[in-house]
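The values are calculated or read from the model by the stated rules, or taken from the named source; none is laboratory data. Note that this is a predicted model, so its numbers are computed, not measured. Every residue, glycine as well, gets a Cβ built from its backbone with ideal geometry; the counts of neighbours run over all protein chains shown. To get the accessible areas, we keep the full protein, side chains included, count just its heavy atoms, and leave off ligands, DNA and RNA. Shrake-Rupley method; radii C 1.70, N 1.55, O 1.52, S 1.80 Å.
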Amino acid sequence: MLVNTGNFKRGWIGLSVIVLITISLAFTHTAEKPVADKTDRPNIIIILTDDQGYGDVGFNGCTDIPTPNIDRIAKNGVVFSNGYVSYAVCAPSRAGLITGRYQDRFGYSRNPLYRPFDESIGLPLTEQTLPEMLQKTGYATMGIGKWHLGVHEKFRPWKRGFNEFFGFLGGGHRYLPHEYNIAEQDSAKNEGQSYRTKLIRNEKVVEESEYLTDALSREAVSFIDRNSQQPFFLYLAYNAPHSPLQATPKYLDRFGHIKDTKRKTYAAMVSAVDDGVGRVLDKLQELQLTDNTMVIFLSDNGGPESDNASDNGPLRAGKGSLFEGGIRVPFAIQWPRQIKVNSRFDQPVISFDIFATIAANVKGAAPKNKLDGVDLLPYLHGTKKGAPHEHLFWRNYDQKNFAVVHSSGVKEVVLADTATSLYDLKADIGETVNIAGKEKKLLLRFEQERKKWISITVPPAFYGLNQEKQYEEQKKLKKDY
């Protein structure tokens with residue numbers, strides 16, 4: 001039998017080329033991240049600290065506590081110099097952030113009591129949460145850390161849009177695992193006891209061995225690793241540097257230069273968070289997800305300086321106050337595909353703008369309720385000029401205090417519905433000079449806008465931590481009746 005070797009060689013070469021091309025295409029296909037790399041389906045990470053001072057990050061001028069990883073977010077994106085949260089204490093601020101709305105619209109105006117069996121205390125089910133919206137568009141969602149939006153079963157994170165949750169349900173927690181001596185979330189009878197509950201992974205109790213901040217960071221990195229091939233939303237809500245002030249030698253040893261014991265422990269707690277932020281950013285880089293991941297960093301309210309030795313810098317007062325120290329926070333966002341590096345935005349923005357910005361830039365996202373936030377990207381791109389908001393509003397219902405910030409930088413503060421002050425924040429960030437006496441017309445305009453805003457609000461839907469006595473009396477009356 002005769003064989004045409006020339007034809008054979010040409011056929012073998014042609015077949016080899018086809019095989020190589022096929023293999024190459026197969027490897028190219030498997031290497032793709034078909035969803036996560038699309039700009040209309042960005043990954044989203046919100047990193048929220050608890051009670052961190054405005055002046056306690058490097059990008060706001062901190063010198064005694066290095067925050068190189070938090071500062072990476074600022075350098076890779078935009079710093080909001082006038083970045084606000086919607087309230088001056090934890091839970092209402094979180095309610096505004098996660099719904100994109102003034103929490104006074106739906107009565108979440110107090111820090112709630114820890115009552116696992118009271119179904120009236122929690123984020124109303126009429127409110128759509130950010131993870132609920134994203135979950136409907138196919139996002140993997142995870143909440144980590146502090147919840148504080150309802151302890152009753154119907155309010156828990158896995159019922160409010162999170163596929164996964166790791167953390168605790170109340171308003172704070174102890175940091176050292178050997179102190180977690182209450183087995184179940186439902187066994188805690190009050191806020192203080194809730195700080196000692198064991199952590200949970202969804203409905204299952206976890207036996208944790210790591211320092212709490214490190215454990216939360218570990219879970220964040222694991223979630224990103226497991227979901228790198230699909231769009232994901234991560235809500236990383238550290239409870240640091242909220243009291244109790246607890247840190248491990250690993251972090252304390254970094255701050256021998258700080259002699260004040262309280263400030264030293266606070267610094268160590270912030271440093272632990274910064275390490276965790278670094279782990280998250282490094283994981284994004286390792287997986288080549290950085291360019292199309294929106295990473296947002298902010299604190300839930302201003303620092304309570306006397307309580308945890310935080311520093312609000314030049315701002316007046318702190319946590320709980322409607323002066324700047326209570327509501328203006330460190331606030332930065334990176335998203336390399338959309339936000340120019342080393343940017344700065346000086347117009348007032350607020351935490352519920354995060355929901356609106358995400359909703360406007362995620363394909364298929366459909367907010368259920370009217371949002372109070374604004375898509376910030378057109379302002380950052382320069383396609384929209386001016387300020388995102390003409391006015392921003394705050395209310396402390398129980399103390400009858402209000403604040404209104406105008407886009408010009410003028411701010412009204414009303415204390416107990418009697419004393420009214422005006423401050424020019426551009427010239428007087430510390431709110432030291434009351435200009436109300438010479439700005440009668442401006443004061444009148446502020447009053448008109450404030451009354452219009454009050455008309456869309458409702459009273460608090462439940463008693464808070466400061467009304468525990470009234471709550472118990474009401475409960476007794478209902479039982480007797």
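Computed values, structure above
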| read-out | value |
| --- | --- |
| Accessible surface of the chain [probe 1.4 Å, protein heavy atoms]: carbon and sulfur percent | 53 percent |
| Dimensionless Rg/Rh of region 366-407 - Kirkwood Rh, Rg from C-alpha atoms | 1.11 |
| Global form of region 246-405, assessed from the alpha-carbon gyration tensor, a/c cut-off 1.5 | oblate |
| Net charge of Cβ neighbours under 13 Å - reference I354; Lys, Arg +1; Asp, Glu -1 | -2 |
| Quotient of C-alpha Rg and 2.2 N^0.38 Å, computed over the chain | 1.09 |
| Out-of-range pairs (alpha-carbon distance over 22 Å; input K136/K384; K154/K189; K189/K476; K319/K411) | K136/K384 |
| Charge sum, other residues only, whose C-beta stays under 12 Å from S217's C-beta, Lys/Arg counted +1 and Asp/Glu -1 | -3 |
| Helix-derived mean residue ellipticity, 222 nm - over the chain, DSSP H n ≥ 4, -39500 (n - 2.57), to 500 | -9500 deg cm²/dmol |
| Average accessible surface area per residue within the chain, 1.4 Å rolling probe, Å² | 42 Å² |
| Förster radius 35 Å - calculated FRET efficiency between E207 and D253, Cβ distance, rounded to 0.05 | 0.80 |
| Listed pairs K363/K400; K340/K370; K438/K469 exceeding 32 Å between Cα atoms | K363/K400; K438/K469 |
| Hits among aspartates and glutamates - C-alpha to C-alpha of K426 under 14 Å, sequence gap 8 or more where chains match | E324, D346, E412 |
| Region 88-131: translational diffusion in µm²/s, Stokes-Einstein, Kirkwood Rh over Cα pairs, 20 °C, 1.002 mPa s | 199 µm²/s |
| Antiparallel DSSP beta bridges within the chain, as percent of all bridges there, nearest 5 | 50 percent |
| Within-10-Å neighbourhood charge of G138 [Cβ basis; K, R +1; D, E -1] | +3 |
| Cα principal axis extents for region 309-397, largest first, Å | 41, 34, 25 |
